[in-house]
1. Asn220 fails exactly one of the following numbered conditions: (1) under 26 Å from the mean Cα position of the chain (by Cα); (2) at positive phi; (3) not β-branched (Val, Ile, Thr). What is the number of that condition?
2. Name the one entry in Val108, Val138 that is β-branched (Val, Ile, Thr), over 16 Å from Ala309 (Cα atoms) and at pLDDT below 90.
3. Looking at Lys151, Lys185, can you tell me which residue is surrounded by fewer than 20 Cβ atoms within 10 Å (Cβ to Cβ), touching a helix residue (DSSP H, G or I) at 6+ places or on another chain (Cβ under 9 Å) and of a type in the set (D, E, K, R)?
4. Return a yes/no flag: does segment 150-157 have any residue that is more than 25 Å from Phe84 (Cβ to Cβ) and at pLDDT below 95.
5. Can you name every residue in segment 316-342 that is in contact (Cβ under 8 Å) with a residue 12 or more places away in the chain and not in a helix (DSSP H, G or I)?
6. Please state which of the following conditions Phe188 fails to meet, knowing it meets all the rest: (1) over 21 Å from Ala306 (Cβ atoms); (2) assigned to a helix (DSSP H, G or I).
7. Could you check Ser129 against (1) touching a His at 6+ places or on another chain (Cβ under 9 Å); (2) surrounded by fewer than 21 Cβ atoms within 10 Å (Cβ to Cβ); (3) within 16 Å of Ser76 (Cα to Cα) and say which number it fails?
8. What single numbered condition from (1) at pLDDT 95 or above; (2) among the charged types (D, E, K, R); (3) within 19 Å of Phe213 (Cβ to Cβ) fails to hold for Lys338?
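The values are calculated or read from the model by the stated rules, or taken from the named source; none is laboratory data. Because the structure is a prediction, the values reported are computed rather than measured. Quick reminder, even Gly has a Cβ in these numbers, built from the backbone with ideal geometry, and neighbours come from all protein chains shown.
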Amino acid sequence: MKAIILTPYAEPEKGACVVRVNGTRDYFRSKSLEVEVLAPERGTFRSTRTVARYKGILSMMLKVMKSNADFVIGTSPPITHNFFALLSAKLSGKKFLLDAKDPFTKVVAILEPEKAKTFKFKIYRFMESFTHKFSDAVIFLNQPYLDEAVKDFSFSRENAFLAPNGSDTKRIFFSKSERSKMRKKFGFGDDFVLIYVGGTGDKDLTGFAEKSFPVLAKSNVRVIFITSYTGSRGEEEIISGIKTRLKNNGVLDKTVFLRNIPFTELYKYFSAADAGLVAYPDAAMQILGAKVFDYIAAGLPVCAKAPDANTVQKEFIEKNSIGFQKSDWDSFNKEFLKNFVKFNYPRDRIRKIAENNSREKGCEVVYKKAMQLSGRNSE
């Protein structure tokens, strides 16, 4: 059997999307499936031995239709390429699974409300609704997103299922020797070290730099920022703005900025840290991101700033006693300084929670559904 995974980003690009795609690819291959990863050409990224790149929508559609694949998994957001991939799959007799992950148009409306008034937004909304309705199955990260999509797009709940984020616990773990090496390399001494891993565009790292870290740094706290970087001007401006705020507050020297660290190397930096940072804006979204699972795979507790409406993440953190979530930076700072630094979270216990929520388990769910749709035995 053969599968196509359509994704907006693929290696050597970095980020949670790439990690999720690679996890699915590797799991399918472990089950003796042939897997082709399709991604758009971007900048200097061209086709390689592991990723087939396409120049435009028509090129992608032709690749899907001409392929001898049994099914296609389309990764969203954005929704546009998945809409056309769905059409191509239907025309060529292939099953199509939409890995919806995060809502597309809803997130745009929340973060950029002016765009929600445009005609282009209405087209995107139609594409999102159509793709949900006519996919053979739709994959979601959490129950609130699944429930909202079924209601908003009026498609069958029977076609929707959950495959939450998880961590590759074979590649992310705690290493005592790497902790010693990395802390010596960066001169951390006995300071408490926070680590942030992820993107910059839809996060509140600017708020952390302005309202939180200058306060925490007074208590011998350091921070490592590891960001995924595609080379865009917007990313450069965000990082530059964060550094400017840190410099103006006299704490830039207490930070380490890195970008595009290979996934297989992340455990070294996680091992050097004492807690993982989550920083979401005040928009009401339900997100339990991949970074949370990667943090806990290395035994790190989680310090999160996110709106109270993000109940999925808050409940996961509190249910498993792996840290805290506060809705504003002032409350975050108070909780951190009052209780967090002094509390010794057992890494082994936290690691066990990650093992119980591994990425492999989510991939298994997707694999079984794909086999079912293709009329094959998943055993």
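1. Answer for Asn220: the failing condition is (1).
2. Step by step, each of Val108, Val138 is checked, and only Val108 is β-branched (Val, Ile, Thr), over 16 Å from Ala309 (Cα atoms) and at pLDDT below 90.
3. Lys185
4. Yes, segment 150-157 has at least one match.
5. Within segment 316-342, Ile322, Gly323, Phe324, Gln325, Lys326, Ser327, Asp328, Val341 meet the criteria.
6. So the condition that Phe188 fails would be (2).
7. (1)
8. Lys338 satisfies every listed condition except (1).
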